[in-house]
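Have a look at the structure below, then the notes.
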């Protein structure tokens with residue numbers, strides 16, 4: 001598994017000769033298990049979301065092989081290696097999984113075809129860009145980036161280099177979400193005038209007491225392009241000796257706006273993506289936004305608390321995001337409504353809850369909407385094989401055909417969360433030009449579309465040096 005496909009074929013033919021090849025190589029190598037039919041994957045980020053979502057989702061794919069893992073926490077790297085090797089051992093597959101503390105070294109390997117990135121939000125843009133330029137296909141957790149400027153750069157570079165891309169917006173591969181969006185797109189509820197998105201909130205708090213940096217953590221690189229701050233466990237992730245706690249608890253960085261903007265992008269990237277999918281506004285954004293939110297003034301965790309956002313689109317629809325709504329997406333049209341959510345499904349055990357009674361995962365003012373036969377001219381949205389998001393990505397790599405979500409769609413759904421976040425921060429109505437990706441007549445708001453980067457880290461700093 002350490003050989004590239006080309007090296008494998010070349011070395012085999014040279015040493016055995018074409019006629020001897022079938023007599024020496026096991027028959028399985030020429031079938032589905034042939035190295036040329038496997039996608040060799042590097043996993044970057046082996047924490048909560050990596051261990052609970054992305055690693056299991058990739059490992060179960062027969063056409064993929066996870067051959068390397070990387071994390072800035074050496075305990076997590078060792079645990080990930082053991083996890084992957086034990087998984088394959090149960091399938092009688094022996095793989096010596098390589099471990100890395102710095103993804104740059106791993107990206108130099110020619111035998112790695114693709115990279116899965118499950119890192120904190122402030123460490124999305126740079127590894128995506130560097131992996132693309134190293135010729136790798138990409139899977140990255142949502143939200144795509146921390147800033148809108150980063151998102152534009154990522155989308156442009158992925159498309160320019162023609163890499164296969166997928167983002168962790170797994171709702172795109174869920175049958176219920178697809179059925180809801182197809183029904184909306186095909187006019188089953190008439191003209192859409194309002195879309196309501198419900199998201200939970202994260203608590204304030206967090207200890208600011210400085211602690212010694214754990215010897216197993218490369219803390220300076222973990223901070224990356226963000227300002228230098230004293231280490232405390234509530235800033236990063238759990239160092240609990242119990243693996244269930246170490247990988248199960250929601251890490252503190254999710255609640256600090258240097259590393260995450262809060263639920264407005266954390267879960268907003270999921271549901272706004274579905275709102276765009278249903279409205280057919282995947283390649284654009286709002287034209288006017290206003291919002292208000294409560295921001296903590298004490299403690300370490302400072303992402304927004306309760307909030308209300310309204311965003312108007314050129315098609316006449318208004319997107320409303322509010323923490324008092326039921327978690328999910330409700331499309332309201334001239335002839336009825338459709339509501340879609342995950343129901344009781346959780347990505348991780350530590351996902352927050354609103355405490356409200358769950359509605360049906362898929363509901364409508366007229367349930368017969370979903371029984372209506374589709375016409376020949378009806379819009380049919382992308383259907384992931386087996387409704388499996390990671391399989392969708394692997395399939396796109398093998399076929400070189402687009403997957404469930406393009407980099408531009410991922411950027412647009414994220415930017416439609418970042419723009420409201422800026423409105424929440426400023427507390428005033430903003431006019432937005434989705435084509436130019438600039439606020440109209442507001443220098444203070446435009447200044448928030450990017451962030452200063454601490455050397456030597458940062459996606460935009462990297463691009464300036466390597467343009």
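The values are calculated or read from the model by the stated rules, or taken from the named source; none is laboratory data. Since the structure is predicted, the reported quantities are computational estimates derived from the model, not experimental observations. Using ideal geometry, Cβ is built from the backbone for each residue, glycine included, and neighbour counts are taken over all protein chains shown.
Looking at the structure I just gave you, is residue 444 within 27 Å of residue 293 (Cβ to Cβ), out of contact with any strand residue (DSSP E or B) (no Cβ under 9 Å at 6 or more places or on another chain) and free of Cβ contacts under 8 Å to residues at least 24 places away in the same chain? Judged against the criteria, residue 444 is a match.
Scanning the stretch 43-85 for residues being surrounded by fewer than 20 Cβ atoms within 10 Å (Cβ to Cβ) and part of a loop (DSSP other than H, G, I, E, B) gives a total of 4.
Residues in the stretch 174-217 that are assigned to a loop (DSSP other than H, G, I, E, B) and under 23 Å from the mean Cα position of the chain (by Cα) were compared, and the one that is surrounded by the fewest Cβ atoms within 10 Å (Cβ to Cβ) is 203.
Restricting the stretch 296-313 to residues that are surrounded by fewer than 17 Cβ atoms within 10 Å (Cβ to Cβ) and in contact (Cβ under 8 Å) with a residue 40 or more places away in the chain leaves a set whose member that is farthest from the chain's Cα centre (by Cα) is 298. Taken over the stretch 223-247, residues that are part of a loop (DSSP other than H, G, I, E, B) and closer than 13 Å to residue 121 by Cα amount to 4.
The set of residues in the stretch 114-142 that are under 14 Å from residue 43 (Cα atoms), within 14 Å of the chain's Cα centre (by Cα) and part of a loop (DSSP other than H, G, I, E, B) comprises 118, 119, 120, 124, 141.
Can residue 264 be described as out of contact with any strand residue (DSSP E or B) (no Cβ under 6 Å at 6 or more places or on another chain) and touching a residue at least 12 places away in the same chain (Cβ under 8 Å)? Spell out the reasoning first.
On the way: out of contact with any strand residue (DSSP E or B) (no Cβ under 6 Å at 6 or more places or on another chain): yes; touching a residue at least 12 places away in the same chain (Cβ under 8 Å): yes.
Here the answer is yes, as residue 264 does meet what is asked.
Restricting the stretch 393-412 to residues that are touching a strand residue (DSSP E or B) at 6+ places or on another chain (Cβ under 9 Å) and assigned to a helix (DSSP H, G or I), which is surrounded by the fewest Cβ atoms within 10 Å (Cβ to Cβ)? Full working, then the answer.
Of the stretch 393-412, the ones touching a strand residue (DSSP E or B) at 6+ places or on another chain (Cβ under 9 Å) are 393-394, 396-398, 402-407, 409-410.
The next check asks that each one be assigned to a helix (DSSP H, G or I); those that pass are 393-394, 396-398, 407, 409-410.
Working: 393: 31, 394: 26, 396: 20, 397: 23, 398: 15, 407: 24, 409: 22, 410: 28.
Among residues in the stretch 393-412 that are touching a strand residue (DSSP E or B) at 6+ places or on another chain (Cβ under 9 Å) and assigned to a helix (DSSP H, G or I), the one surrounded by the fewest Cβ atoms within 10 Å (Cβ to Cβ) is 398.
Summed over the stretch 143-173, the residues that are surrounded by fewer than 24 Cβ atoms within 10 Å (Cβ to Cβ), assigned to a loop (DSSP other than H, G, I, E, B) and touching a residue at least 60 places away in the same chain (Cβ under 8 Å) give a count of 2. Scoring residue 203 on the criteria (1) more than 30 Å from residue 378 (Cα to Cα); (2) free of Cβ contacts under 8 Å to residues at least 24 places away in the same chain leaves a single failure, condition (2). Kindly establish whether residue 106 is over 17 Å from the mean Cα position of the chain (by Cα), surrounded by 21 or more Cβ atoms within 10 Å (Cβ to Cβ) and part of a helix (DSSP H, G or I). Yes; evaluated as a whole, the condition is true for this residue. Consider the stretch 340-373 and keep the residues that are touching a helix residue (DSSP H, G or I) at 6+ places or on another chain (Cβ under 8 Å) and at pLDDT 90 or above. The one that is surrounded by the most Cβ atoms within 10 Å (Cβ to Cβ) is 340.
Looking only at the stretch 248-265, count every residue that is in a helix (DSSP H, G or I), modelled with pLDDT of 95 or more and touching a helix residue (DSSP H, G or I) at 6+ places or on another chain (Cβ under 8 Å) and tell me the total. Let's see the steps before the verdict.
As a first pass, look at the stretch 248-265 and keep what is in a helix (DSSP H, G or I): 248, 252-255, 263-265.
Now drop any that are not modelled with pLDDT of 95 or more, which leaves 252-255, 263-265.
Right, trim to touching a helix residue (DSSP H, G or I) at 6+ places or on another chain (Cβ under 8 Å) and you get 252-254, 264-265.
Adding up the residues that qualify gives 5.
For residue 308, are the conditions met, namely being under 22 Å from residue 432 (Cα atoms) and modelled with pLDDT of 95 or more? Please lay out each step first, then the result.
Details: under 22 Å from residue 432 (Cα atoms): yes; modelled with pLDDT of 95 or more: yes.
Yes.
The single condition among (1) touching a helix residue (DSSP H, G or I) at 6+ places or on another chain (Cβ under 7 Å); (2) surrounded by 22 or more Cβ atoms within 10 Å (Cβ to Cβ); (3) not assigned by TED's automatic domain parsing to the domain that holds residue 276 that residue 432 does not meet is (3).
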